[in-house]
Amino acid sequence: MDAREILARLRVGEPLTPDHYRWFAQGLADGTVSDAQAGAFAMAICKSPIGPDARVSLTHAMRDTGQVLSWDVDGPVLDKHSTGGVGDVVSLPLAPALAACGAYVPMLSGRGLGHTGGTLDKMEAIPGYRAIIGNEELARVVREVGCAIVGASGEIAPADKRLYAVRDVTSTVESVDLITASILSKKLSEGLEGLVLDVKTGSGAVMATPEDALALAQSLVDTAQGAGCRCTALLTDMNQPLASTAGNALEVIEAMEILTGSGGSARLRQVTLSLGGELLALGGLAENAAEGERKINAALTSGAAAEIFGRMVAALGGPRDFVSLWRDRLPAAPVMVEIAPRTSGYVVAIDTRAVGEVVVHLGGGRLVQTDAVDPAVGLSDLAALGDRVDDQRPLARIHARTEDEARRAAEALHAAYRLSDAPVTVPDLIHERIG
């Protein structure tokens, strides 16, 4: 067997066997497969989708090129994955809340990509926090604390890292088959018993239309279940930022407000509860999702989740007093400017992708992969759909390094918001449940 044989079968539409996928995935991981061959493989699958059974085979093959974690713990091992958006900081309150309810959560996360924020960038806004650790340390922290929010080491699904880089330069990122295998090869490497997927749809989502988001959600659920992992998905709205903030340290602040009961947006809290409820039901820690939501809510309101978050931060190199002094421990931008609307009115539409791009251009994301991220910059007090904005209620507060950067951000933010004299019907936060 070799790469040419596999590519020839794909070219003429012949199905691949699980052995073919295993050989090709191992070739991606060890370099036997060239970049040109990897690109041809991705393009062939992008043009001719491979179907449900083959997605399971590809996912398993990519997962098995690296280490698959195993656990000897007294509770279910659970995690969630989000397809990304703006102000999506759910992972920070959710992981410790799940741990407070008896789950173990090895939450392998990623960095910002394009206009979407990255969980690892948010965690690294906490001084000293080590987001990249080895698998042995990950297992130790999860056993001792209950959760760890970190990045995947090089030992996890190396075939995916290689194929993802090729997809990025061959315009094959949008393939549902390849997205599914990429996401799940990493998540299933965690040794999970239950997984919930937060698939975004709307102006700030990778899958902007409900139809595309539903197709991806169904593919992810079917493939995860076919691979032996209990799984459900929620289609959630990204026609506006999920939180009232966008930017790394600012989103950590909002997560801490949720964890300590001192604030945080209702939308962010509801998605946290809904995803957590699904996971506790999948893991057998609640009779159903509704009971699971009540347990997650209790973990947040009692302070139990905040205590676990603090222990996790300390275990991974952050301040030991972070939960009590988080406002003092996080970086702040030197320039803060409130942006009033040009005319009064109701917010009827938000180009959420453009809002995310504002944060990127302030320095809170990456224009190229090698860019350093400024954790302090971003947006807070973002107006939401249906809000009336005027001189007393601004569109947002901009956090920037310089006055010039703040002015440019203000221009872009004005363009991202559409106002009207009459209010608009706000889309449902949770569109649908799959699985």
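The values are calculated or read from the model by the stated rules, or taken from the named source; none is laboratory data. Since the model is a prediction, treat every value here as computed from it, not as a measurement. Cβ atoms come from the backbone with ideal geometry, glycine included; neighbour counts cover every protein chain shown. Only protein heavy atoms, including side chains, enter the accessible area calculation; ligands, DNA and RNA are left aside. Shrake-Rupley method; radii C 1.70, N 1.55, O 1.52, S 1.80 Å.
Please find, within the stretch 217-242, the residue that is least open to solvent (accessible area, probe 1.4 Å) out of those that are more than 14 Å from ILE350 (Cα to Cα), assigned to a loop (DSSP other than H, G, I, E, B) and in contact (Cβ under 8 Å) with a residue 24 or more places away in the chain. Step through it out loud before you land on a result.
Taking the stretch 217-242 as the starting set, the residues that turn out to be more than 14 Å from ILE350 (Cα to Cα) are 217-236.
After this cut, where a residue has to be assigned to a loop (DSSP other than H, G, I, E, B) as well, the list is 227-229.
Now narrow it down to the ones that are in contact (Cβ under 8 Å) with a residue 24 or more places away in the chain: 227, 229.
On the way: ALA227: 23, CYS229: 6 Å².
Among residues in the stretch 217-242 that are more than 14 Å from ILE350 (Cα to Cα), assigned to a loop (DSSP other than H, G, I, E, B) and in contact (Cβ under 8 Å) with a residue 24 or more places away in the chain, the one least open to solvent (accessible area, probe 1.4 Å) is CYS229.
So, LYS200, is that one open to solvent by 10 Å² or more (accessible area, probe 1.4 Å), within 18 Å of the chain's Cα centre (by Cα), over 30 Å from ASP328 (Cα atoms) and among the basic types (Lys, Arg) or not?
On the way: open to solvent by 10 Å² or more (accessible area, probe 1.4 Å): no; within 18 Å of the chain's Cα centre (by Cα): yes; over 30 Å from ASP328 (Cα atoms): yes; among the basic types (Lys, Arg): yes.
The answer is no for LYS200.
For the stretch 378-386, state whether one or more residues are farther than 16 Å from VAL86 by Cα and in contact (Cβ under 8 Å) with a residue 40 or more places away in the chain. Outline the logic, then answer.
The initial filter retains those residues of the stretch 378-386 that are farther than 16 Å from VAL86 by Cα, namely 386.
Restricting the remaining residues to those that are in contact (Cβ under 8 Å) with a residue 40 or more places away in the chain gives 386.
The answer is yes; a qualifying residue exists.
Per-residue answers, yes or no, for (1) within 23 Å of ALA213 (Cβ to Cβ); (2) at pLDDT 95 or above; (3) in a loop (DSSP other than H, G, I, E, B); (4) open to solvent by 20 Å² or more (accessible area, probe 1.4 Å):
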residue	(1), (2), (3), (4)
VAL348	yes, yes, no, yes
LEU379	no, yes, no, no
ARG407	no, yes, no, yes
LEU419	no, yes, no, yes
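Any residue at all in the stretch 40-62 that's of a type outside the set (Lys, Arg), farther than 20 Å from SER175 by Cβ and buried (at least 21 other Cβ atoms within 10 Å of the Cβ)? Step through it out loud before you land on a result.
Of the stretch 40-62, the ones of a type outside the set (Lys, Arg) are 40-46, 48-54, 56-62.
Filter once more, so that each one left must be farther than 20 Å from SER175 by Cβ: none.
Within the stretch 40-62 (the criterion being of a type outside the set (Lys, Arg), farther than 20 Å from SER175 by Cβ and buried (at least 21 other Cβ atoms within 10 Å of the Cβ)), the answer is no, since none of the residues qualifies.
Across the stretch 85-138, what is the number of residues that are open to solvent by 10 Å² or more (accessible area, probe 1.4 Å), small (Gly, Ala, Ser), in a loop (DSSP other than H, G, I, E, B) and within 18 Å of GLY364 (Cα to Cα)?
Counting residues in the stretch 85-138 that are open to solvent by 10 Å² or more (accessible area, probe 1.4 Å), small (Gly, Ala, Ser), in a loop (DSSP other than H, G, I, E, B) and within 18 Å of GLY364 (Cα to Cα) gives 4.
What are the residues in the stretch 10-27 that are at pLDDT 95 or above and part of a helix (DSSP H, G or I), if any?
Scanning the stretch 10-27 gives PRO18, ASP19, HIS20, TYR21, ARG22, TRP23, PHE24, ALA25, GLN26, GLY27.
Condition check ((1) in contact (Cβ under 8 Å) with a residue 60 or more places away in the chain; (2) touching a Gly at 6+ places or on another chain (Cβ under 6 Å); (3) open to solvent by less than 10 Å² (accessible area, probe 1.4 Å); (4) not in a helix (DSSP H, G or I)) across all residues:
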position: SER244; (1), (2), (3), (4): yes, no, no, yes
position: ALA249; (1), (2), (3), (4): yes, no, yes, no
position: SER262; (1), (2), (3), (4): no, no, no, yes
position: THR272; (1), (2), (3), (4): yes, no, yes, no
position: GLY277; (1), (2), (3), (4): no, yes, yes, no
position: LEU285; (1), (2), (3), (4): yes, yes, no, yes
position: LEU300; (1), (2), (3), (4): yes, no, yes, no
position: ARG311; (1), (2), (3), (4): yes, no, no, no
position: GLY317; (1), (2), (3), (4): yes, yes, no, yes
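Please go through (1) in contact with a helix residue (DSSP H, G or I) (Cβ under 9 Å, 6 or more places away or on another chain); (2) touching a residue at least 24 places away in the same chain (Cβ under 8 Å) for GLY84 and return the number of the only condition it doesn't satisfy.
(1)
Are any of the residues in the stretch 157-178 touching a Leu at 6+ places or on another chain (Cβ under 9 Å), farther than 28 Å from VAL359 by Cα, open to solvent by 10 Å² or more (accessible area, probe 1.4 Å) and free of Cβ contacts under 8 Å to residues at least 24 places away in the same chain?
no
Restricting attention to the stretch 361-371, which residues are modelled with pLDDT of 85 or more and open to solvent by 60 Å² or more (accessible area, probe 1.4 Å)? Steps first, answer last, please.
First, pick out the residues of the stretch 361-371 that are modelled with pLDDT of 85 or more: 361-365.
Scanning the stretch 361-371 gives a single hit, HIS361.
Any idea which of ILE339, ILE350 is within 23 Å of the chain's Cα centre (by Cα) and on the phi < 0 side of the Ramachandran plot? Walk me through it before giving the result.
Working: ILE339 fails: within 23 Å of the chain's Cα centre (by Cα).
So the residue among ILE339, ILE350 that is within 23 Å of the chain's Cα centre (by Cα) and on the phi < 0 side of the Ramachandran plot is ILE350.
Which numbered condition trips up GLU254, out of (1) in a helix (DSSP H, G or I); (2) among the acidic types (Asp, Glu); (3) open to solvent by 10 Å² or more (accessible area, probe 1.4 Å); (4) farther than 27 Å from LEU192 by Cα?
(3)
Restricting attention to the stretch 38-92, report how many residues are hydroxyl-bearing (Ser, Thr, Tyr) and over 24 Å from the mean Cα position of the chain (by Cα). Give the steps one after another, and end with the answer.
First, the residues of the stretch 38-92 that are hydroxyl-bearing (Ser, Thr, Tyr): 48, 57, 59, 65, 70, 82-83, 91.
Cutting the leftovers down to over 24 Å from the mean Cα position of the chain (by Cα) gives us 48, 57.
Residues flagged as hydroxyl-bearing (Ser, Thr, Tyr) and over 24 Å from the mean Cα position of the chain (by Cα) within the stretch 38-92 amount to 2.
State all residues of the stretch 139-155 that are closer than 30 Å to ALA215 by Cα, open to solvent by 10 Å² or more (accessible area, probe 1.4 Å) and among the aliphatic types (A, V, I, L, M); if no residue qualifies, say none.
Of everything in the stretch 139-155, just one residue is closer than 30 Å to ALA215 by Cα, open to solvent by 10 Å² or more (accessible area, probe 1.4 Å) and among the aliphatic types (A, V, I, L, M), namely ALA152.
Looking at (1) within 30 Å of GLN270 (Cβ to Cβ); (2) at pLDDT 95 or above, which is the one condition that is false for ALA61?
Against the list (1) within 30 Å of GLN270 (Cβ to Cβ); (2) at pLDDT 95 or above, ALA61 comes up short only on (1).
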